[in-house]
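Worksheet: one structure, shown below.
The values are calculated or read from the model by the stated rules, or taken from the named source; none is laboratory data. All figures in this text were calculated on a predicted structure; none of them were measured in a lab. Positions of Cβ are backbone-derived with ideal geometry, glycine not excepted, and every protein chain shown enters the neighbour counts.
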Amino acid sequence: MTALVREGYRRAQGLTRVHARSFYFASLLLFGARRRAAFALYAFCRRLDDVVDVGPTQTVAERLTRARAVVAHLFEAGPVEAAGPDSPWPAAELAALKDTIGRFAIPRAPFLDLLSGMEMDVRLKAYPRFAELDRYCYCVAGTVGLMLCPVLGYSDERALPAAADLGRAMQLTNILRDVKEDLARGRVYLPADELSAFGLGEEDLQRGLVDDRMRAFLRCQIARARAFYARAARGIPFLQGFGTRRMVKLMGALYGGILCAIESQGYDIFSARAHVPLSAKLRLAVRALFRPQTLLPAPAAEPAVPLLPTETSP
């Protein structure tokens, strides 16, 4: 490993520790190259997110075009090259990511789909139906699960759709947690037709309304997210790297705990940002180490994910 690659992994770890505390916490259950690779992948995704959210809106398309060139270079032979003076990616982090891609044979397709998801975030400020939102969740989060799968090691192809479903579940959780912040950025990720089915609209979100309609709507959205967590759990037995099953169980439990936090605060997603406190994280970590079977248990059958949930949806 070159000095540049070592520096890149070190920087990626620092970035993950600051910006993705739950992911960083869960990744500590990995060891050696697997842990370093998890940090390198997160750092790339974080920098890509900044490509969309930081800087003048009119230059986003140009920045994404340059990002596609960066991804192409990662899969070419030869040493890594600097991405340019105004690139969000330090050369060291790109070197570490290229090392990760080569070491674990991570395919190119999830990176390209992730870029497509970033482009969707530029084009779309709202989602009329869950079908469009599901595509977005796959592109910006399910793809990360697919990138991580080779790093974690898997023995069966059935691990791949489960990994994508965990990404979907986590993204849906983030969407429910961040409704207020997204509104401030001019974005509504909640499906418009499903809001309408419960007698709600964007104006109700803007008002921070928490009534029976909103609670019923959120119960159904939470049930959908949990269905994706359950589908993801069915892929965990196919992971074979040391510590990887515990890491995925802990990560799913940490993010799934945000859904419990939303419920415990009476579905008020506007007054306070739902989170899992450190004490609860530590308890979950202990369970992941000593009683992993109690976290993210796999259902007997794959649960269905309704396209338009109703108040009585399972």
- Message: Being modelled with pLDDT of 95 or more, buried (at least 19 other Cβ atoms within 10 Å of the Cβ) and part of a loop (DSSP other than H, G, I, E, B) is true for just one of Y267, Y229. Which residue is that?
- Response: Y267
- Is it true that some residue in the stretch 113-120 is in contact with a Ser or Thr (Cβ under 6 Å, 6 or more places away or on another chain), within 26 Å of R245 (Cβ to Cβ) and surrounded by fewer than 21 Cβ atoms within 10 Å (Cβ to Cβ)? yes
- From L259, L205, residue being in a helix (DSSP H, G or I) and within 17 Å of the chain's Cα centre (by Cα): L259
- Query: Filtering the stretch 1-53 down to residues that are within 15 Å of L114 (Cβ to Cβ) and among the aromatic types (F, W, Y), which residue is surrounded by the most Cβ atoms within 10 Å (Cβ to Cβ)?
  - Reply: F44
- Item | Where S196 falls short, out of the listed (1) part of a helix (DSSP H, G or I); (2) out of contact with any Asp or Glu (no Cβ under 7 Å at 6 or more places or on another chain); (3) in contact (Cβ under 8 Å) with a residue 12 or more places away in the chain | (3)
- Message: Condition first: more than 14 Å from the chain's Cα centre (by Cα) and aliphatic (A, V, I, L, M). Can you find one or more residues in the stretch 161-177 that meet it?
- Response: no
- Of the numbered conditions (1) in the same structural domain as S271 (by TED's automatic domain parsing); (2) assigned to a helix (DSSP H, G or I), A95 satisfies every one except a single condition; which is it? (1)
- Message: Tell me yes or no: at least one residue of the stretch 271-278 is in a helix (DSSP H, G or I) and within 22 Å of R177 (Cα to Cα).
- Response: yes
- Message: Go through (1) among the hydrophobic types (A, V, I, L, M, F, W, C); (2) surrounded by 19 or more Cβ atoms within 10 Å (Cβ to Cβ); (3) within 22 Å of A301 (Cβ to Cβ) for A223 and report which single condition fails.
- Response: (2)
- Query: Yes or no: L183 more than 30 Å from R207 (Cα to Cα) and not assigned by TED's automatic domain parsing to the domain that holds E62?
  - Reply: no
- Query: Regarding D121, is this residue at pLDDT below 90, under 24 Å from L183 (Cβ atoms) and part of a helix (DSSP H, G or I)?
  - Reply: yes
